[in-house]
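To start, the structure under review is shown below, and the notes come after it.
Values quoted throughout were computed directly from the atomic coordinates according to the rules given, and no laboratory measurement underlies them. Just so it is clear, the model here is predicted, and its values are computed rather than measured. When we count neighbours, we look across all protein chains shown, and the Cβ atoms used for this are built from the backbone with ideal geometry, even at glycine.
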Amino acid sequence: MFPLRKSNRIANIVVDDYVIRIIENKGHDLESIRMLAERPLEPGLIEHGKIVDDIGFYEFMKNLVKECGIKSCDVRFNVPNSLVIMRQVEFPEELEGEAVRDYFLMEIGKTLHLPFEHPTLDIHVNPGQKHGDLQTGTMFAAEEAEVMKYANIFEDCGMRPVAADVQALGVYRYFYYADAVQRDRVYLFLEMNLTSSNISIFHNSRLEFLRFQQLGLAAEDWVSDTTYTKWAHWAYTGDETNLLAMVEDQVSELDRIMNFYRYSQHQGEKKVDELIISGDYPDISGLVTKIQERYDMPVRLLDGVLTPADDEPAAREFIPALGLVLKGGAVHAS
C-alpha cells in the first residue's frame, strides 16, 4: 500500500520504538534473502511510532546502512502500527483505480473524518461486494508527514523508498505463504510485542478488523543483551506485577474482540475459528499456553522460516519483515 517509486537489491525495514529489523533480498521471494539484521534503538528516537529525534534517527540509520551494506537499495517499510487507521468504506460503483483515492481525498472533512488533515490513503476494493449502487472497500490512512519522515531519512541515507505497507497485511501475507490457509476460516492474529499489541482478523484473505494498543510498558524498562546470541535477548526490568497484569488483560481482550466481531460486525453469522500468535514478547510460549487454557479453539504460534522446508528457522521477530519480502511476489495475499 501507499506506493512510493525501482534496484534488484531490496531492504525490507521494520521499525519499532525500541528496535529496527532489516532483511535484504533480491526480488519478491524468501529464497532470495541475502541478509538479516537487528539492532536495538536508543530511547528517545522513536516514540509511539513517530520519529521524535530526526537527527538522532538519521545518524543511527546512516551508520546502520553503512554497517549492513544496503546503500543504493530500494526500501520497503512498514508504517508503524500506531500510525495506521483502517475504515470500511463505500464509494460510487463507476469509480476505479486512482479515481477511488481521489474521491476520498475530496471527501476529507465532509463524509470522511480523520484525526489528521493531510493523509496518505490506500483503498482495497472488495471484489463482488456492493451495497446497492455503491462499491465497498477497505481504506488505510496514515498521516502523510509522519510516513514521509521515514521515507526522507531512508533516502537521505542513500536508499530509495519504493513502498510503505500495513504490518498486519504483511504478517498475513507471510502466513498465507508459509501455511495452508483455508479460505472459509476466520483467523485472528495477535502480534504481541514488548510495548504494544496488534490484533487483526482476516476472512477470505480480507482484513476485516484491526486494533492497535499500547500496553503501558515503557520501552526503557526492556533491556537487550546481544553478547551471547545473534538476536537481541530482551529482559524486563520494571514492575513484574504490571507485566503479569498486562498479559492477563491481553488474554481477556481476545474474548471481547471475538464477541464484537461475531455479534456486532456479523450479527452472529460469523465467528473466529483460529488464533495465530506472533511477536517479539520474550515469553510468547507462556502467552500461548494461557490462551490455549482459556479458549476452546485452535491456537498456533507462528514460526519464522525462510522456506516451508527450512531446517534453520528465522527468528519469529522477523515475520513482519518476511511479509515485506513477499510483497508483490507470485505467492502473496495482499
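Within 10 Å, count the other beta carbons around each residue, average over each peptide in 154-161, 246-253, 261-268, and list them highest first.
Put in order of decreasing packing, that is 154-161, 246-253, 261-268.
Pairs on different chains or at least eight residues apart, Cα atoms closer than 16 Å: how many lysine pairs in the chain fit?
8
Neighbouring Cβ atoms within 10 Å as the yardstick, rank Ile10, Ile291 fewest first.
By the 10 Å Cβ count, ascending, the order reads Ile291, Ile10.
Which percentage, to the nearest 5, of the DSSP beta bridges contained in the chain is antiparallel?
Just about 75 percent of them are antiparallel.
Restricting the calculation to Cα positions, tell me the Rg (one decimal) and the Dmax (whole number) of the chain in Å.
In Å, with Rg to one decimal and Dmax whole: 19.6, 61.
Got a sec? How would Asp17, Asp102 order by Cβ neighbour count within 10 Å, fewest to most?
The fewest-first ordering by Cβ neighbours comes to Asp102, Asp17.
Just to check, using Stokes-Einstein with a Kirkwood Rh over alpha carbon pairs, what's the diffusion coefficient of segment 198-304 at 25 °C and 0.890 mPa s in µm²/s?
In µm²/s, the coefficient rounds to 156.
Under a Cβ-only charge scheme (Lys and Arg +1, Asp and Glu -1), can you give me the dipole magnitude of segment 83-144 about the Cα centre, in debye to the nearest 20?
Around 240 debye, computed over segment 83-144.
Could you give me the percent of Cα pairs per 5 Å distance bin for segment 165-211, shortest bin first, beginning at zero and ending with the bin that holds the maximum distance?
5, 21, 33, 24, 11, 4, 1
What percent does the relative contact order of segment 83-144 come to when contacts are Cα pairs within less than 8 Å and at least six residues apart?
For segment 83-144, the relative contact order is 50 percent.
Could you give P(r) for segment 120-252, binned at 5 Å from zero, as whole percent values over all Cα-Cα pairs?
In whole percents, the pair-distance histogram is 2, 7, 12, 13, 16, 18, 15, 10, 4, 2, 1, 0, 0.
Which three extents, in whole angstrom, do the alpha-carbon atoms of segment 83-144 cover along their principal axes, largest first?
Dimensions of segment 83-144 along the principal axes of its Cα atoms: 30, 19, 18 Å.
Determine the dipole magnitude for the chain: charges of +1 sit on the beta-carbon of Lys and Arg, -1 on that of Asp and Glu, nothing else is charged, the reference point is the Cα centre, and the result goes in debye to the nearest 20.
820 debye
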